[in-house]
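Read-outs: derived from the displayed coordinates by stated rules, not from any lab. Just so it is clear, the model here is predicted, and its values are computed rather than measured. Positions of Cβ are generated from backbone atoms using ideal geometry, with glycine treated the same way; all protein chains shown enter the neighbour counts.
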Amino acid sequence: MPTTPSSLTGPCLGDCLSRRHFLAVTGATTATVVLGDVFPGRVWGQDPQTPAELTTLSRTPIGRLSELQADVPVMFDYGGENAINTCMLVKLGEKAGGGIGEDQDVVAFSSRCTHMGGDIEGIYNAQYKVAGPCPEHLTTFDLTRHGMVVAGHATQALPQILLEFDGDDIVAVGIVGLLYGYANNPTLGNAPDSQ
Amino acid sequence: MPDTPPSGSSVPLPPKNAKLVTTACDYCIVGCGYKVWVWPEGQSGGPKAEDNALGVDFPVGELSGQWISPNEHGHCLVDGEAHHLVVLPDPDATVVNPGGNHSIRGGCLAQKPFTPDGPTKDRLQHPLMRVGGELVPVTWEQAIDVMAQVSRHVLDRHGRSAWGMKTFSYQYFENTYAISKLAFESIETPAYAPHDKPGPGNDTAGIDDAGIITFSASYDDWSQADVLFFSGTDPYETKTVAWTEWMMRPGKKHIYVLPRRTTGVAWAEENGGLFLQIIPGTDTILHLALARLIIENGWHDADFIAGNVANRWEIDSGFGRGTRNTPWQWRTTWGKFGASFDEYRDWLLSNRDAELSHAEKVTGIPAAKIEAAAQMIAKPVDGEHPKASFALEKGNYWSNNYLNTASYATLALICGAGNRPGRVVSRMGGHQRGWYGAASYPRIFSPEKQVGRRKKEINLDLWVESGNLRFAWVIGTTWAQSMAASQELMETFRRSTRGSEHQIEQPDVDHATDVLKQRVDAGGMVVVHQDIYPRGPMGTEFADLVLPAATWGEEDFTRCNGERRLRLYSKFCDPPGEAKPDWWIIAQFAQRMGFRDYDWKDSNDVFEQAARFGRQGMLNYHPLVVYAKQMGITGHELLRRLGTTGIQTPVRWRTELTESDAYQSYAGRYDDPHTPGAIVGTKRLHDAQRDFGEPEGPTVHRKWLTAFNSQTGKGILHKTPWSEFSDFYERITPRQAATPEESELWVTMGRINEIWQSNFDGKRNAYITDRWPHQFVEIHPDDAAPRGIESGDLVRIENDDVLVQTGGFVGVAGGSQSYTGLEQAGLIRISRGGYEAVAIVTTAIRPGVLWSNALDTANPPNSVVHRVPDPITNRYRFKLGKGRIRKIGESEYKTDLRQMTFRPRDLT
């Protein structure tokens, strides 16, 4: 397993270069990182220093920065073409954990509620930068804070899609968190559409 | 298959041969059903249906109930060996949480079990004794020996009232049966209080006095209502699945009476309901105004009242010549409260407090909204009264206990609610119903009484404060933070334990016993704290002995949920170290004391013995135990077969079941082909429309099965004169000063969805502590701006006017126990209290009111709450604290995007 590059041990907030460096170094589909460093606050019942898995997928262009309008979510599939693979790309207009771009405000998240898989595709509150309420049981997620539950029942934050720029292209490169429905995040090997 | 390392991006699946048991959630009253799979580390199931214990292909689809989130997987020890664990809301459940619905709290249960190197590694594992100021391990024998010798000394020298217990009332029948057997049967001490109140007795006396058993309804009954009137609770936050599954349904109108706009309120307003944003403590005035509007307009359910509500003769029947010395007897028959409908109507219509304009002013709720609410709950539509149900919880009964509950029950009864599907009245509940009393509280020995021969249960905090308690055994509760004027109480404990010159200096039984005897004889106190974690300050600072308890998943336990549904909470893992279930610890102590009938060999033994002492109650499961014996199995084993459905108490045995299939499958049943008859549960109490047949075999039919729980079987209305409360309310109303900084605000509190209770498990789960890393306080922008407070600021809330009652155990003259009477007698002391919090500036909270998490043990808002209980019922007004708030800095969460969020919770 690759070790964690030292550039990742600092604050990660909007620190896109560090992640780019990390991904360039590993070049793997999955990698063990100190998740507390990459995405502080996204460690599940474990010590923040516990190594955890970050799933990286094939680099998938999901939109263009020049075409992205503030507070208008763009839907895309990631890791497969199942209904549960739908994700949401949004320019929040406000600095966000894991956000990229000049204002660190471009983020992407899964669009499946991590309570019971309710469909929150396009359900986005522009005033508060919140995904939801999920129509099933009203869970809401704060997209400026790594998809943290604002109120509700989900036992995991909304999985966040790691983004990078390739020129004007916004490229999805990996997932932090477990996508609803999966026991293992889809990778090049086990994504439903690749089987 | 090879083991998959658990992480945030994968969970190991249970292999086909994983052990499966059923249980129910350890936390809130709803008690969702769960399945638990346990299997050795080093193995894992596969994503194909044939390769995993769930028998499904992964990935699974939406709402399948079969997804295992990372928090639903954990680790534990089984026979000392490391095991994987999946705790999944039962996807096959048909009751409580159909399809595997769950809350965030229950969904994190897999993180609860003990592992030596995981987040719960600080579980108590060995009995500890404080030697030279430090807690050091001792053997069970040594610990029990010291406790027994000191207890014997206290009982002989200082009397039974000097020996007390403060314990959970809910943590499983087997344990509470043992606790009550010891306290009330063997010791016969009146010095006992449950975890959430200063003494035993009714939680909601006004509901009980009306003849309504507080958990008489089933969740299905709520689902059949057209209108739901919620007082002092948003079940979304705290009874989550009861709300999301049974109440959040299209076409239902919800009315919420709260000072704070919550998620449930937002849903209600979106769906034609109402939000009555009340000034804390004024519910009685609202109830009176609603009742008056309803009666003035003739919207009351006259037919129901004629057949189901007691007249004057019925109220007095059977009691005219009695002593009337039990609380409900004297309250009902006193003449001040109990009333026929005519008496009530006359009183109400001549009562200025019930006038709409007055109510608008006092409650802060616009008159138009009060009128709209009255129409919604009572105005007939096409000649039919709306099916209205009434649910209350602590915002109601922890602000003005007797008057709020009595006026609420009266309002419900005149609307025709109480005993029919869709027309029920109940608490929504906090903890599950886990109390199984072996004997009654010995009220006759209580040091307290009302004026006349009216014995009253003890106020244990007052008893401690006045130096009368010498031995305190605390089980599974954070006593000081949970009670009013918390900081004051902590100081009293500190003074009488660590402040004593008599401290154990050697780990020696004889020495420890001698020292502790000297301490109690010198007026000090010995504290034993029994819990699952080290809990401050009682366990970590004050206790002389700390005892490790086994808990959920570590022993077979039983209890009921908020619709009286009895289930087995199966054992599936090892308790940590030498930790033992509470019943076992009680038994060791009792046997060492020479008390009889504590020789239980296992928890089923306790369960079966307890059954004989609950036959008269609404939690009666005795017929189940009898049926199990006829089948040749244990009571626990029969309950195990009933899985997550369980059976609703009271359990009934019948030669032939006449209940419909739907009734049987909801209430639970068991029909063994080789055993005569069958057992069936009871869906609803006060069920006048049901023919239960003759009671057969071990079945007990109490009159409340088909009638209200009063002397005549009818509901009893109560007048609720505001003057019983107004002197105290005026005294504690926040004082306005020249500057905002000097002006006081109401400080009220409640529960937040993501945190269970004192967060004892959640604070060991980073997922929960990331969301709520610190105590918080919601403040309205109008209050925040002049004080320079922004979301994320660290603030301090202080009250230099905390009222503490210092005496008044015995009422002699009329009015002596009112607030005015206590003050005139010099029995009110003014103290101080405060706590720190992270500010959340939000329009969700009413201006003039602050709102915090009710039980943050590091920053308890009870510190600013007055320790002056309702003189009628001895219940604190927890929700009516007050204080000044000021900024003391900025918290890291203001800018750190990793923890806490300040987004509103009331979005639609």
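Other protein chain C-beta atoms within 10 Å of residue C-beta, averaged over B:765-776: 4. In this calculation the C-beta distance from B:THR908 to B:ASP346 is compared with R0 = 35 Å, giving a FRET efficiency of 0.20.
Which order do the peptides B:190-196, A:112-118 come out in when sorted by mean C-beta neighbours inside 10 angstrom, highest first? Mind dumping the intermediate values first?
Working: B:190-196: 23.7, A:112-118: 27.1.
Ranking, from highest mean packing down: A:112-118, B:190-196.
3J(HN,Hα) couplings calculated from phi for the stretch B:536-552 with the Karplus curve 6.51 cos²θ - 1.76 cosθ + 1.60 (θ = phi - 60°) are, in sequence order, x, x, 4, x, 7, 10, 8, 5, 8, 10, 10, 10, x, 9, 8, 9, 2 Hz; Gly and Pro show x. Sequentially through the stretch B:19-25, phi angles give Karplus couplings (6.51, -1.76, 1.60; θ = phi - 60°) of 6, 10, 10, 10, 7, 10, 4 Hz, Gly and Pro residues having no value and appearing as x.
Classify the stretch B:697-780 as rounded, prolate or oblate, taking a ≥ b ≥ c as the square roots of the eigenvalues of its Cα gyration tensor: rounded when a/c is under 1.5, otherwise prolate if a/b is larger than b/c and oblate if not.
Working: a/c = 5.22, a/b = 1.32, b/c = 3.95.
Cα axes put the stretch B:697-780 in the oblate bin.
Based on other C-beta atoms within 10 Å, arrange B:TRP347, B:TRP552 from fewest to most.
Values: B:TRP347 16, B:TRP552 23.
The order, fewest Cβ neighbours first, is B:TRP347, B:TRP552.
Each Cα pair of the stretch B:557-700 feeds into the Kirkwood radius, which the Stokes-Einstein equation turns, at 10 °C and 1.306 mPa s, into a diffusion coefficient of 98 µm²/s.
Decide, for chain B, between rounded, prolate and oblate: order the square roots of the alpha carbon gyration tensor eigenvalues as a ≥ b ≥ c, take rounded if a/c falls under 1.5, and otherwise choose prolate if a/b is larger than b/c, else oblate.
On the way: a/c = 1.22, a/b = 1.10, b/c = 1.11.
Judged from the Cα gyration tensor, chain B comes out rounded (a/c under 1.5).
Return B:ARG454, B:ARG292, B:ARG690 ranked ascending by Cβ neighbour count within 10 Å, so the fewest neighbours appear first. Write out the running numbers ahead of the final one.
Values: B:ARG454 18, B:ARG292 21, B:ARG690 14.
Going from sparsest to densest Cβ surroundings: B:ARG690, B:ARG454, B:ARG292.
Amide H to amide H distances under 5 Å link B:LYS580 with B:ALA549, B:ALA550, where only residues 5 or more positions off or on other chains count and H is placed in the peptide plane. Every Cα-Cα pair of the stretch B:424-564 was included, and the share exceeding 21 Å stands at 57 percent.
Mean residue ellipticity, 222 nm, helices only, the protein assembly as shown: the sum of -39500 (n - 2.57) across DSSP H runs of n ≥ 4, divided by residue count and rounded to 500, is -6000 deg cm²/dmol.
Sorting the Cα pairs of the stretch B:520-613 by distance into bins of 5 Å, from 0 upward, gives 3, 11, 16, 19, 19, 16, 10, 4, 2, 0 percent per bin. When each of the peptides B:789-799, A:73-83 is scored by how many other beta carbons lie within 10 Å of its residues on average, the order from highest to lowest is B:789-799, A:73-83. With distances taken between every two different alpha-carbon atoms, the stretch B:753-860 has a Kirkwood hydrodynamic radius of 16.5 Å. Inter-chain neighbour count for A:138-147: the average number of beta-carbon atoms from partner chains within 10 Å of each residue's beta-carbon is 5.
Neighbouring Cβ atoms from other chains, within 10 Å of the Cβ of residues in B:65-78, number 4 on average. Taking a span of 24 Å or more along the helix axis (Cα atoms) and a mean Kyte-Doolittle hydropathy of at least -1.0 as the rule, the DSSP H helices of chain B that qualify are B:140-158. Taking only the C-alpha atoms of the protein assembly as shown, the Rg (one decimal) and the largest Cα-Cα distance, Dmax (whole number), read 29.1, 93 Å. For the peptides A:172-183, B:112-123, residues were scored by their other Cβ atoms within 10 Å and the scores averaged per peptide; the highest-first order is A:172-183, B:112-123. Distant-in-sequence amide contacts of B:GLU448, defined by a placed amide H-H separation under 5 Å and a gap of 5 or more residues or a different chain, comprise B:LYS456. Once you sort the root eigenvalues of the Cα gyration tensor of the stretch B:19-111 as a ≥ b ≥ c, which label holds: rounded (a/c under 1.5), prolate (a/b larger than b/c) or oblate (the other case)? Oblate, since a/c reaches 1.5 and b/c is not below a/b.
By counting other Cβ atoms within 10 Å of each Cβ, how are B:ARG684, B:ARG764, B:ARG596 ranked from fewest to most? Walk me through the intermediate numbers first.
Details: B:ARG684 23, B:ARG764 19, B:ARG596 9.
Fewest-to-most Cβ neighbours within 10 Å comes out as B:ARG596, B:ARG764, B:ARG684.
Taken one residue at a time, the phi angles of the stretch B:455-461 give Karplus couplings (6.51, -1.76, 1.60, θ = phi - 60°) of 5, 10, 5, 6, 9, 5, 5 Hz. Gly and Pro are set to x. The charge dipole of the stretch B:216-428, taken about its Cα centre with unit charges on the Cβ atoms of Lys, Arg (+1), Asp and Glu (-1) only, comes to about 520 debye.
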